[in-house]
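Shown next, in structure tokens, is the structure this report addresses.
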Amino acid sequence: MSLMHCSLVLVGAGELGSRHLQSMASLPDCSIDVVEPDVLSVEKAKQRLAQVQVNAAQIRFFQSIEQLSSQYDLALIATGAAVRFELSQELLRCAKVRYLVLEKVLFQRPEHYALMQNLLEQYEVQAYVNCPRRCYPLYRQLSLITAKTPVLMKVQGNLWGMACNSIHFIDLVSFLSSESLLSVDHSQLVQSLQSKRVGYLEVAGTLRCVFSQGSELLLHCTADERAPTSVLIECSSAKVCFDIDEVKGSVHRRGERELILRDMPMLYQSQLTAGVVDDLLRSGSCSLTPFAESAALHLPLIHSLLAYFRQESVELNHCPIT
């Protein structure tokens, strides 16, 4: 499909949503509708649009989904997790959408995952989840080395948002090893924390994730001592341990100085979204995680963190992360 005259809708133009908008605006001749009720967020989004080259034919801002058109080629939901299911459901009921891209963490309530799968089937929508590390050149090259065999990944650092960011690394292990997630053990978590986002929680301690063919992911977050976030991958097939520097975009074998991968830094969201949209509209697929696959990776994490938070609030019926 040509991108000429394609219609896009973005629901949520906050901190992350405005970065999606910057990228989408680079696509030529597209019409982009943005739903964002918060006046300050709209103003910031417009300021960020002024920082980039806008090739879109038209960008319009609306306060509610009810004001939108009846049909779109692609929709992107970039709201917080607390309202993502309800707004996604409302959008699918109000407008015909061919492709849907959802931010993570997907939903806070476990029952919403099956309900969304049913909605996608009912409305014949092809959906993906924005866990973009599998799109990064660094990890795509590393996947050729790990060769879809079991890995042990260790991620640790200080206040790095482990509850909301764990899914990125769960998704990455699944991508590198082609394995499904079996369980997430929260028994070594030591503290719940207030998130920098109002109304959400974070955690400190260790999460252990076990995958179907032997891969493991150990996630550790401290809240008291400063420590830079590090990523380590042990690959059994190559019998080697890799240190990953995501900022510099480099990989070296532990104990060796020589880099085996270099100059592949993490990509900003403003550099990624346009490529995802382009891929979907031209070929019908993209490098992001399909919804059903991502839901299966989300659910053990949601259940585990919900069980942990319920130790402090027994009647809690949702996992307060985003």
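Every read-out reported here was derived from the displayed coordinates using simple, explicitly stated rules and does not represent laboratory data. Quick caveat, the model's predicted, so the values are computed rather than measured. Glycine gets a Cβ as well: all are built from the backbone with ideal geometry, and neighbour counts include every protein chain shown.
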field: Contact order relative to length of the chain, as percent, for alpha carbon pairs under 8 angstrom and 6 or more apart
entry: 19 percent
message: Over the Cα atoms of the stretch 81-123, each weighted equally, I'd like the Debye log10 I(q)/I(0) at q = 0.20, 0.22, 0.24 Å⁻¹, rounded to two decimals.
response: -0.59, -0.71, -0.85
- request: Would you pull out the residues with amide H under 5 Å of Val203's amide H, same chain only if 5 or more places away, H placed 1.01 Å from N?
  value: Met162, Ala163, Leu193
- line: Rounded to the nearest 10, the angle in degrees between the Cα long axis of helix 39-49 and the longest principal axis of the Cα atoms of the chain comes to 80 degrees
- prompt: Which shape class, rounded, prolate or oblate, goes with the stretch 258-301 when its Cα gyration tensor gives a ≥ b ≥ c as root eigenvalues, a/c under 1.5 marks rounded, and past that a/b bigger than b/c marks prolate?
  reply: oblate
- line: Ranking Tyr128, Gln311, Val83 by how far each Cα lies towards the positive end of the charge dipole of the chain (+1 on Lys and Arg Cβ, -1 on Asp and Glu Cβ), the top one is Tyr128
message: Using the crude model of +1 on Lys and Arg Cβ and -1 on Asp and Glu Cβ, and no other charge, please compute the dipole size for the chain relative to its Cα centre, in debye to 20.
response: 540 debye
- prompt: Angle between the Cα long axis of helix 162-177 and the longest principal axis of the chain, 0 to 90 degrees, nearest 10?
  reply: 80 degrees
query: Using the Cα gyration tensor of the chain, with a ≥ b ≥ c the square roots of its eigenvalues, what is the shape: rounded (a/c below 1.5), prolate (a/b larger than b/c) or oblate (neither)?
result: prolate
task: Determine the shape class of the stretch 218-322: with a ≥ b ≥ c the square roots of the Cα gyration tensor eigenvalues, call it rounded for a/c under 1.5, and otherwise prolate if a/b is greater than b/c, oblate otherwise.
output: oblate
